[in-house]
Every structure is written in C-alpha cells, then in structure tokens.
Amino acid sequence: MALVHKFLSSAYIFRKCLKPSVSSCPFLGNRFADYCSSSLQKPVAAPGKTSSQRNTEGDLQGHHQREVALDITSPEEKPEVSFDKAIKDEIKNHCRRLKDDIVNYWIGPEGRPLHEVLLEQAKVVWQFRGKEDLDKWMVTSDKTIGGRSEVFLKMGKNNQSALLYGTLSSEAPKDGESGRSGYCAMISRIPRGPFERKRSYDWSQFNTLYLRVRGDGRPWMVNIRQDTDIIQRKNQMYSYFMFTRGGPYWQEVKIPFSKFFFSNQGRIRDAQYQLLLDKISSVGFTLADKVDGPFFLEIDFIGVFADPAHTEEFAYENSPELNPRLFK
C-alpha cells in the first residue's frame, strides 16, 4: 500500500508540473511557464513559416513531377520518323560499300595483293568469337513441317566456340502428308554485297575443307551449296559424312572436296558432277541419324587449306550411260 500511495503521489506531482502557472512559480516568470507548456505540446508553426514551408514542399513536388515528366513520353507526342532520311542513309551505306568493293577489286582479291592470295596455303573462313559470328548462321529443324525436333545455337565457354545443341525426334507429324521426320541443321547465310547482291566464296586454290569440332559421337552430314542464282539449283548440294568421336577432346576433320557427292532434294544422283570451288555460297551441318534424344556439336572454326599430298580430282566414276553430257 505504501508503494501504491508513493506511485500515485509522484504521478500527481508530475501532472501538476506539466502545466506550471505563474502563481505557483512566481520566481520563474512568464517565459518559463510558456516554455514548459509549449515544449510538451505539439509544435505549431507560425503562419508565415507555414506558408513558406508549403511553398517549398510544392516547389519540390513540382520539380519531382517535372523530372518524372522528362522520363515518360506523353502519349500525344509521337516519335519523329523520317522515311526519306532512312532511305537516304541506306543508299549512302550501299554506295560506300560499293566504293570499297571497287577499290578492293583494283587492289586484288578481297582487297589483298594478288601474290599474297596465291601463296596462301590455309584460310579460316568462319570462326566463333562473338555474337556477330553467330549472326552469320541460321538453324532449322523439322518443326517447319510440324515435327518435334529442337535446335539452338549459342556461344560456348569463354566465347571461343559455337555450341549447336538440341533434341532430335523422329516422330512424324500427324498431318496426314509427311511420313518421315527427324532432322536438325545449321546453315551459313549467303554473303551479301552492296544493294543486297549475292556473293560467293572462291576456294579454287584449296582442295580440302578443314574443321575443328567436338561432338557426342553422332554422325553429321556436311553440306556445301553452290551459287543459287538459277532456280533449278535451289535444292542441289554436295555432301559428305563427318563422324564425331565424342568425349572431351577436340578433333580436326579434313574432308577433300573431291569426296563430296552430288544430291538433289536429299537424294543421291546417279550422275555425279564435280564441285565448282569458285562458286561456293554456303556450308551447313545436318543431323538425321534417327536416334532420338539430345545432341550437341561444338565448333571452333571452319576453314580451307591446300593439301599438297592430295592429288585426287574427283572420287566418283561417270559413264556415258549415267552422265552423257560429260562424254560428248
């Protein structure tokens, strides 16, 4: 009871001290009383100060809104699009490329002196060191006809190779038309010159295709297409097999151009023709081994070189019955 009485007394004294008056504290004066009462109440700003503070907050709010307005484009404002300027820039770009081609033509093949080109024994045509190198290729699969195979292309580790991977499925599409399916391919884009003019690779001084790859043990088909200016040559290509060993080690593949056999619309023709090395338009890789499941092929570079030990011109025989045009 003594403790309760002491607590209540102290609370009463504290409450009385919260609102001191001049009569109870004559020796402190009016200023102390005003100070004690104002210090324990919510501070109220002066009218002038309040208006200035509101003006400051309004300025800050308006400034913030102006900053936001700078970042957000009004829906009424449309970006300026000039088709004339775009066409002029495109024409200037093509004219500049045409000028470079004319200058390089007078210097030599591909803008290099002729003696350097004639003495060249090896050449890297494609290597994969960045995204711009991947843009020179495209991938396709049987999804274009309703199949279920998937193929992707990306950069390998440390951006030192290209990784072609995916899943092969030989399940035929249920469209009532296609009876077979199951292929994935990677094809190089046809080089273009000024004004989108088709170009071709001239490999006439080389006799072997040279690749550095790493695969999973699957067999691949290496395809070479000639210049496709003529419509009848659209489905014609030259092909040869490439067998990967699998495992973590790289392998160097050398395929003589004389080994490539002629096919049309995926069928090997009885009449064989020699590959014209000065009209090469693209190179590709096709997987169609009818083994469902994941696959991968890692490519370091693709090049050509002149093998002095290889003297074969054409590996396949022809006869007047098979190819009468060659024996006229």
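The values are calculated or read from the model by the stated rules, or taken from the named source; none is laboratory data. Keep in mind it's a predicted model, so treat the numbers as computed, not measured. When we count neighbours, we look across all protein chains shown, and the Cβ atoms used for this are built from the backbone with ideal geometry, even at glycine. In case anyone asks, the SASA skips ligands and DNA or RNA and just uses the protein heavy atoms, side chains included. Shrake-Rupley method; radii C 1.70, N 1.55, O 1.52, S 1.80 Å.
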Quick one: would you say Ile102 is at pLDDT below 85, open to solvent by 60 Å² or more (accessible area, probe 1.4 Å) and among the aliphatic types (A, V, I, L, M)?
yes
Given the criteria in the same structural domain as Met242 (by the TED database), hydroxyl-bearing (Ser, Thr, Tyr), open to solvent by less than 70 Å² (accessible area, probe 1.4 Å) and farther than 26 Å from Lys279 by Cβ, does Ser178 qualify?
yes
Looking at Leu153, Leu119 in this structure, which one is aliphatic (A, V, I, L, M), under 24 Å from Tyr201 (Cα atoms), modelled with pLDDT under 90 and out of contact with any Lys or Arg (no Cβ under 8 Å at 6 or more places or on another chain)?
Leu119
Number of positions in the range 233-292 that are among the small types (Gly, Ala, Ser), under 27 Å from Leu168 (Cα atoms) and part of a loop (DSSP other than H, G, I, E, B)
4
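Here's the yes/no breakdown for (1) over 23 Å from Gln121 (Cα atoms); (2) over 33 Å from the mean Cα position of the chain (by Cα):
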| position | (1), (2) |
| --- | --- |
| Gly246 | yes, no |
| Gln274 | no, yes |
| Val304 | no, no |
| Glu312 | no, yes |
Here is a list: Ala185, Ala162. Which entry is surrounded by 13 or more Cβ atoms within 10 Å (Cβ to Cβ), over 30 Å from Glu120 (Cα atoms), among the aliphatic types (A, V, I, L, M) and not assigned by the TED database to the domain that holds Ile102?
Ala185
